[in-house]
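Structure record follows, encoded as structure tokens.
Just so it is clear, none of the values below were taken in a lab; they were calculated from the coordinates. Just so it is clear, the model here is predicted, and its values are computed rather than measured. No Cβ is skipped: glycine too gets one built from the backbone with ideal geometry, and neighbour counts run over all protein chains shown.
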Amino acid sequence: MVVDTMDRPRFKARRQRRMARGRQRIMSAAARLFAQKGFANTTTKEIAREADMAEGTLYNYFDNKRGILLAVANEAETPMIAALQEPQALEDRDAMVSMFEKAMDISEAQLPFARTLFSEASVDDVILQESVMVRLKKIHQLLEKHIAERIAAGVFRPMDAALGARMVMSIFGGLILPALRGAAPLPSPEERHSLAEMVVDLLLDGIRFRDS
């Protein structure tokens, strides 16, 4: 096929859209299968069949099954990172409550895949370092930035912003860990709101009685 010089940008853009759609089909199919069967028990042949393409075509998009897993992990982190990048994420108490609730909603939507990812990370150092640790580092950096800004604005008392970010992540991790391990479901929407309010009150005010 001969492409006219004037049509080359349009042809390239169309090809990029087609490739993006193909990658998305593969990642969606893989995420469903990983959640149902686990990473180790899922084959690239099954992923290709679920994505309605030949197995050989799948390798035009990804080198191997691990590459698909890492791509899905990168895609899955987008909603959480986007939520934390909102300027008002930790602006005041109500914004913090909303942020915790939103984070639990996102965790629920991604729970089946997150279980697979963390299970594989426990036995695969590449996945641990290239996916899980990278994601956690991004979240930590965003939280640290928000906390430092609130300190500079006089909203939060002077403290180590990095340590504060680690504490917030630890509290949130404790809330979702039972669900991540399959030991318990995530809290209901009503419970999430109460939990979010309690966590924010603990972070802002502590648990000690204070003089009025």
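Assorted remarks:
- Under 17 Å from a label point set 7 Å out along the Cα-to-Cβ vector of Arg18, the amide N atoms of the stretch 61-105 belong to 61-62.
- Violating pairs (Cα-Cα greater than 22 angstrom) within the set Lys45/Lys138; Lys12/Lys138; Lys37/Lys65; Lys65/Lys137; Lys102/Lys145: Lys45/Lys138; Lys12/Lys138; Lys65/Lys137
- Working ranking of peptides 160-170, 29-39 by packing, defined as the average number of other Cβ atoms within 10 Å per residue, highest first, is 29-39, 160-170.
- Distance (nanometres) between label positions extended 7 Å along Cα→Cβ at Arg32 and Asn60: 2.1 nm
- Sorting Thr57, Thr44, Thr78, Thr116 by the number of Cβ atoms found within 10 Å of their own Cβ, with the fewest placed first, yields Thr78, Thr57, Thr44, Thr116.
- Normalised contact order of the stretch 66-212, rounded percent, pairs of Cα under 8 Å and 6 or more residues apart: 27 percent
- Cβ-derived FRET efficiency at R0 30 Å, Ala184 paired with Glu46, nearest 0.05: 0.50
- Mean Cα-pair separation over length for the stretch 1-98, i.e. relative contact order, pairs under 8 Å, 6 or more apart, %: 22 percent
- For the pair Val155 and Met133, label points projected 7 Å from Cα toward Cβ lie 3.2 nm apart.
- Note that the stretch 89-97 has calculated 3J(HN,Hα) couplings of 3, 10, 5, 8, 4, 4, 5, 5, 4 Hz, one per residue in order, obtained from phi through the Karplus relation 6.51 cos²θ - 1.76 cosθ + 1.60 (θ = phi - 60°); glycine and proline are x.
- Using R0 = 22 Å, the C-beta based FRET efficiency linking Phe209 and Leu177 works out to 0.15.
- With both labels modelled 7 Å from their Cα along Cα-to-Cβ, the Asp201 to Gln85 distance reads 3.4 nm.
- Multiplying the residue separation of His140 and Met167 by 0.36 nm and subtracting their alpha-carbon distance yields 8.7 nm.
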